[in-house]
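Since the structure comes first, as structure tokens, the remarks are kept for the end.
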């Protein structure tokens, strides 16, 4: 659904952007059906392999090792026909923005050898601060890229089934499954609530009024979320859901899957060893 | 007896949705639970489907009491779910899979059907409901009428002996309403039990042989649809009809009960 462009407060704009992002996430299902390298692999291999690479990046104590895993993620994206512009928009920019909030102060606050003094301010970038910030940023970017590759190349329901294979608790998997579907519905509800409020008001709300409206909306949404989650669970129960995810597509390991699994494990082990 | 309740009471906190309810529903019958909003219809359907359990009284399905403990037993739960299907009023609640095909296949898969049988039955059901062309679409992106069809197909694919329906024609345009009623009338060739919660009196004679009129969580009347539709006092008392006014081209304003049935014609007033 295309939403009309309009002005609004921070909360409204954020919800509208989230709504659009979730709409795009549903389109990711179509890229999961593409014929790239990762799309051809068993979901369990992808979950285990990509997670082991994330783990290796998290454990590595050498910057070049993390950079090499990041580069490997880039290669996997190319082989799986996932465009860099999509990765940049969906993973890299977001990770940069969120991690930057923590990483930028570390540049100045970490004690160490001075590298650069900001003109006009008594702030000094230290070598140790730069290293710390680089580690943090690169690890987060690598993890976000690998996680997004999994989501982009695997139907969501297969990811859920693979998580169950790895003994992730039923409740967690069920919550993930419902969240992916219903967050869109709730964002749509929030969006309509704001539209409805706008249609009944003249001029822009200021300060306290806007905050009151935001708090009231959050309360209503929370209540609807609670009600909806209960109803959905009942609807699942009514059709025989007892906690396990059953699918028509059975997972079957082919020779390519075994080869990919061996490569993932070898690369992750190599990363842990080189980065120790 | 298909369903029996005795002294059944269900409360949401202090608010009683079902109050000391004792009813019996025979095998193979088509029963309408009629009542205004908040009369307890949806709650009763969920109790009959073993999703809610009353704070007092008993509910029996084919002589067996429905309790939380009973549903903790997988064998009983699967057997019950195989026999009884519930279509929720809000399709958003019921449609949670990423494609229509997966949605319709969800129930049979949960009940452990062989996968070849699931593939075959889902294909047949999609064709029967005229939604085969939608099989790869996301259910939440469909129109209201299509969503209702998918929701109904996702339950009828199991071919349950008992079908519970919560407002099956609510929020549908007239053509979709008519299609939905046709599907329900044709389903099972009259050999199935259908219990429908509705406040759409226009559908009553098509979908039911017997009506239970609910008000405040209690059954206040039990009769054939034609009889209920003739009882204007009952319909007004239970908020099922209201005075409807319309202006004719001549300028005359008529007021009469707003019911989509030829049964209620008395009491027309001209002002």
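The values are calculated or read from the model by the stated rules, or taken from the named source; none is laboratory data. Here the structure is a predicted model, which is why all the values come from computation and not from measurement. For neighbour counting, all protein chains shown are included, and Cβ atoms are generated from backbone atoms with ideal geometry for every residue, glycine included.
When residue A:82 is tested against (1) under 16 Å from the mean Cα position of the chain (by Cα); (2) more than 21 Å from residue A:36 (Cβ to Cβ); (3) not in a helix (DSSP H, G or I), exactly one condition is not met: (2). Exactly one residue among A:127, A:88 is surrounded by fewer than 16 Cβ atoms within 10 Å (Cβ to Cβ), assigned by TED's automatic domain parsing to the domain that holds residue A:276 and touching a strand residue (DSSP E or B) at 6+ places or on another chain (Cβ under 7 Å), and that residue is A:127. Among the residues of region B:53-64, which ones are surrounded by 20 or more Cβ atoms within 10 Å (Cβ to Cβ) and within 17 Å of residue B:19 (Cα to Cα)? Within region B:53-64, B:54, B:59 qualify. Within region B:145-163, being within 12 Å of chain A (Cβ to nearest Cβ) and under 12 Å from residue B:184 (Cβ atoms) holds for B:155, B:156, B:163. List pairs: first in region A:141-161 and away from every other protein chain (no Cβ under 11 Å), second surrounded by fewer than 23 Cβ atoms within 10 Å (Cβ to Cβ) and at pLDDT 90 or above, Cβ under 6 Å, 6+ apart or cross-chain? That search, which allows pairs on different chains as well, returns A:142/A:70; A:143/A:54; A:146/A:54; A:149/A:76. Take the conditions (1) crowded, with 17+ Cβ neighbours inside 10 Å; (2) assigned to a loop (DSSP other than H, G, I, E, B); (3) more than 14 Å from the chain's Cα centre (by Cα); residue B:147 misses just one of them, which is (2). The single condition among (1) under 14 Å from the mean Cα position of the chain (by Cα); (2) more than 14 Å from residue B:31 (Cβ to Cβ); (3) at pLDDT 80 or above that residue B:207 does not satisfy is (2). In this structure, is residue A:89 assigned to a helix (DSSP H, G or I), without any contact (Cβ under 8 Å) to a residue 24 or more places away in the chain and more than 21 Å from residue A:258 (Cα to Cα)? Here the answer is yes, as residue A:89 does meet what is asked.
Among the residues of region B:67-94, those identified as part of a loop (DSSP other than H, G, I, E, B) and closer than 20 Å to residue B:196 by Cβ are B:88, B:89, B:90.
In region B:83-139, what residues are at pLDDT 90 or above, farther than 17 Å from residue A:247 by Cα and surrounded by fewer than 19 Cβ atoms within 10 Å (Cβ to Cβ)? Correct list: B:83, B:124, B:127, B:132, B:133. Counting residues in region B:180-190 that are closer than 20 Å to residue B:88 by Cβ, more than 12 Å from the chain's Cα centre (by Cα) and assigned to a strand (DSSP E or B) gives zero. Could you give every pair whose Cβ atoms fall below 7 Å, whose first residue belongs to region A:111-126 and is on the phi > 0 side of the Ramachandran plot, and whose second residue is part of a strand (DSSP E or B) and surrounded by 11 or more Cβ atoms within 10 Å (Cβ to Cβ), counting only separations of at least 6 or pairs across chains? Close Cβ pairs (under 7 Å, with a partner that is part of a strand (DSSP E or B) and surrounded by 11 or more Cβ atoms within 10 Å (Cβ to Cβ)) amount to A:112/A:126.
Scanning region A:166-175 for residues that are surrounded by 14 or more Cβ atoms within 10 Å (Cβ to Cβ), modelled with pLDDT of 75 or more and either part of a helix (DSSP H, G or I) or touching a helix residue (DSSP H, G or I) at 6+ places or on another chain (Cβ under 8 Å) (or both) returns no hits.
When region B:129-144 is filtered for residues that are over 14 Å from residue B:180 (Cβ atoms) and either facing chain A (nearest Cβ under 9 Å) or part of a helix (DSSP H, G or I) (or both), the ones remaining, listed by number, are B:132, B:133, B:134, B:138, B:139, B:140, B:141. Please count how many residues of region B:103-121 are more than 9 Å from chain A (Cβ to nearest Cβ) and either closer than 16 Å to residue A:161 by Cα or in contact (Cβ under 8 Å) with a residue 12 or more places away in the chain (or both). Counting residues in region B:103-121 that are more than 9 Å from chain A (Cβ to nearest Cβ) and either closer than 16 Å to residue A:161 by Cα or in contact (Cβ under 8 Å) with a residue 12 or more places away in the chain (or both) gives 3.
Within region B:84-102, the set of residues being in contact (Cβ under 8 Å) with a residue 12 or more places away in the chain and within 12 Å of residue A:248 (Cα to Cα) comprises B:101 only. In region B:66-82, the residue that is modelled with the lowest pLDDT out of those that are more than 22 Å from the chain's Cα centre (by Cα) and within 18 Å of residue B:161 (Cα to Cα) is B:75.
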